[in-house]
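One structure is given below, encoded as structure tokens.
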Amino acid sequence: MKICAVELRSNEAIVCLLSLKDGLFDLPQCRTQKFIMQDSLDNEQMRDFQFAFKKLLDDYKVERVVIRTRETRGKFAGSSVGFKLESAIQLIEGLEVDFMTNADIKQKLKRNPMGIDFRATGLRQFQEAAFTTGYAYLGKY
């Protein structure tokens, strides 16, 4: 199974591709690590984001997207742009989208700890939350 794990932060969609086959994790190279929205009110830019995101998924033959959920209120609440990006991803025709809460991720990592230090993955530091989301999600398979 190949997935794209997503962390939505402010006006960014940070992505990490992961796959699991025969109990082995793989981190395929990806041409982009994040998408940035400049203007959340621009319809054309939202369509461009959705098109580019779908193209990435098609090119890498991603089967499913897993999004790390954000709080809707309080100190760590997600931004309005983040929720728009989430909607744009969910509305991609034929795409399976799942969500994981921070509590779910912690619970999965407790039962199935990562066997590798994040720095050894070769990913960028800002991708760590997306990576742990994907790792925790695939840990159930």
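The values are calculated or read from the model by the stated rules, or taken from the named source; none is laboratory data. All figures in this text were calculated on a predicted structure; none of them were measured in a lab. Positions of Cβ are backbone-derived with ideal geometry, glycine not excepted, and every protein chain shown enters the neighbour counts.
Return yes or no: is Thr69 of a type in the set (Val, Ile, Thr), closer than 18 Å to Gly134 by Cα and at pLDDT below 95?
Answer is yes for this residue.
When the residues of the range 17-29 are narrowed to those that are surrounded by fewer than 16 Cβ atoms within 10 Å (Cβ to Cβ) and in contact with a strand residue (DSSP E or B) (Cβ under 6 Å, 6 or more places away or on another chain), which ends up farthest from Leu56 (Cα to Cα)? Please lay out each step first, then the result.
At the first step, the residues of the range 17-29 found to be surrounded by fewer than 16 Cβ atoms within 10 Å (Cβ to Cβ) are 21-24, 26, 28-29.
From what is left, the residues that are in contact with a strand residue (DSSP E or B) (Cβ under 6 Å, 6 or more places away or on another chain) are 26, 28.
Numbers: Asp26: 17, Pro28: 13 Å.
Result: Asp26.
Can you tell me which residue in the range 93-127 is farthest from the chain's Cα centre (by Cα), limited to those that are surrounded by 16 or more Cβ atoms within 10 Å (Cβ to Cβ) and within 20 Å of Tyr60 (Cα to Cα)?
Thr121
Looking at the structure I just gave you, is Glu86 at pLDDT 90 or above, of a type in the set (Asp, Glu) and within 17 Å of Met37 (Cβ to Cβ)?
So Glu86 passes the test.
Against the condition at pLDDT 95 or above and either assigned to a loop (DSSP other than H, G, I, E, B) or surrounded by 16 or more Cβ atoms within 10 Å (Cβ to Cβ) (or both), how does Leu41 come out, does it pass?
It is false that Leu41 is at pLDDT 95 or above and either assigned to a loop (DSSP other than H, G, I, E, B) or surrounded by 16 or more Cβ atoms within 10 Å (Cβ to Cβ) (or both).
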